[in-house]
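Bear in mind these aren't lab numbers, they're just calculated from the coordinates by the rules spelled out. It should be emphasised that the depicted structure is a prediction, and the values quoted were computed from it without experimental measurement. As a convention, Cβ positions derive from the backbone with ideal geometry for all residues, glycine included, and neighbour counts pool all protein chains shown.
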């Protein structure tokens, strides 16, 4: 009986760790995004909200945080266009991975892809 309780405890502990790891697993930041965040304190603040939402495991909050970060980078950040569109695009891709039918993220993603095309640059895939 004691052994069975111990095995149940271990199994529960391992599953809790795995769930926690999934909650806080954000993709690593690329150098362009790191640079943009370092140059803009508001962008840094908004990305910290993305990290907090990811660690909480709240999907709705994570979607909102990514959308806020992407919209700020796209429309308001003073970071040069060649540096701000990539983080915004990644944020919109993250929203669409979590909520494929999000119309705002889809529209803004398309706009950024069109901007890359107009600039004669490849659309970032990561």
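Computed values, structure above
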| read-out | value |
| --- | --- |
| Fewest-first ranking of 60, 32, 95, using other Cβ atoms within 10 Å as the exposure measure | 60, 32, 95 |
| Least to most buried among 101, 30 (fewest other Cβ within 10 Å first) | 101, 30 |
| Packing-based exposure ordering (other Cβ within 10 Å, fewest first) of 111, 117, 33 | 117, 111, 33 |
